[in-house]
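The block underneath contains the structure these notes are about, expressed in structure tokens.
The values are calculated or read from the model by the stated rules, or taken from the named source; none is laboratory data. Here the structure is a predicted model, which is why all the values come from computation and not from measurement. Using ideal geometry, Cβ is built from the backbone for each residue, glycine included, and neighbour counts are taken over all protein chains shown. Ligands, DNA and RNA are stripped out before the accessible areas are found, and what is left, the full protein with its side chains, is counted by its heavy atoms. Shrake-Rupley method; radii C 1.70, N 1.55, O 1.52, S 1.80 Å.
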Amino acid sequence: MSEENFYDEEYTERLNEIMDLLKEHYGVPEGARRDDPVDSLITTILSQNTTDQSRDKAKARLDEKFDSFQEILDADVEEVTDAVRIAGLGPTKAERIQTFLSMIKEERGEFSLDHVTDMEKEEAKQYLQEFPGVGPKTAAVTLCFAFGMPVMPVDTHVHRLSQRLRLIPEGTPVGKAHDILEREVPDDRIYEFHINLIKHGRAVCTARNPTCQESFLAEYCVNCVCREN
């Protein structure tokens, strides 16, 4: 099937049914807490290639060691590395955080991303990705959670389940998955769908030993390894 024919009326119906079932099972998530966007982007950098628990520990240590963004920027990179080491890739993440703070301070004269609020979605995504180490996922998470924009973050859970549920073709790269799901999922349901898909990925449709056979989405889970059992 060509990609053009993949996203047909049947696809839209399946997507809506899946979203409704997820909503029925997991509810409507509370709106994202609007943290300071600069702080949110730093947290998202720390989340790269690690667990939520390790991310949170690294952020807590960073906040405990430094009282302000300026202190983080002025510190030796080894100090910042030591603070965030538990999240993995300490030197890389420390450099990215300091570079981001340096660039935003030089551009704006302060540590603020408030101007992003006035940008269109695509402009905002491109702008954030100009900072070293900020890719599509980091930009999407920041825009979705800190600004409330209808941007679809695609983490490992969303990427895995979207393929298993045939919402994107199998083998679709993460970057392209962002664009597809953001295009197909209604703006007012992006945040809800993102959160509920993650909940389902953690509880049922796990990377290993999924229990989808007993799931309320079993009939939609066509590409899952559980079908081989």
Within region 193-218, tally of residues that are open to solvent by 10 Å² or more (accessible area, probe 1.4 Å), in contact with a His (Cβ under 7 Å, 6 or more places away or on another chain) and part of a helix (DSSP H, G or I) | 2
Only unsatisfied item for His157, checking (1) within 12 Å of the chain's Cα centre (by Cα); (2) not in a helix (DSSP H, G or I), is (2)
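So that you can scan it fast, the table gives a plain yes or no per residue for (1) farther than 30 Å from Cys221 by Cα; (2) out of contact with any His (no Cβ under 7 Å at 6 or more places or on another chain); (3) in contact (Cβ under 8 Å) with a residue 24 or more places away in the chain:
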| position | (1), (2), (3) |
| --- | --- |
| Phe6 | no, yes, yes |
| Gln48 | no, yes, yes |
| Arg61 | yes, yes, yes |
| Asp74 | yes, yes, no |
| Val80 | yes, yes, no |
| Gly88 | yes, yes, yes |
| Pro91 | yes, yes, no |
| Arg96 | yes, yes, yes |
Among the residues of region 165-178, how many are open to solvent by less than 20 Å² (accessible area, probe 1.4 Å) and in a helix (DSSP H, G or I)?
-> 2
Give the residues of region 13-66 that are at pLDDT below 95 and closer than 16 Å to Thr81 by Cβ, sorted by residue number.
-> Gln48, Asn49, Thr50
Considering only region 59-74, how many residues are buried (at least 18 other Cβ atoms within 10 Å of the Cβ) and either polar (S, T, N, Q) or within 18 Å of the chain's Cα centre (by Cα) (or both)?
-> 1
Note on Gln126: of the conditions (1) part of a helix (DSSP H, G or I); (2) closer than 14 Å to Ile42 by Cα; (3) of a type outside the set (D, E, K, R), unmet is (2)
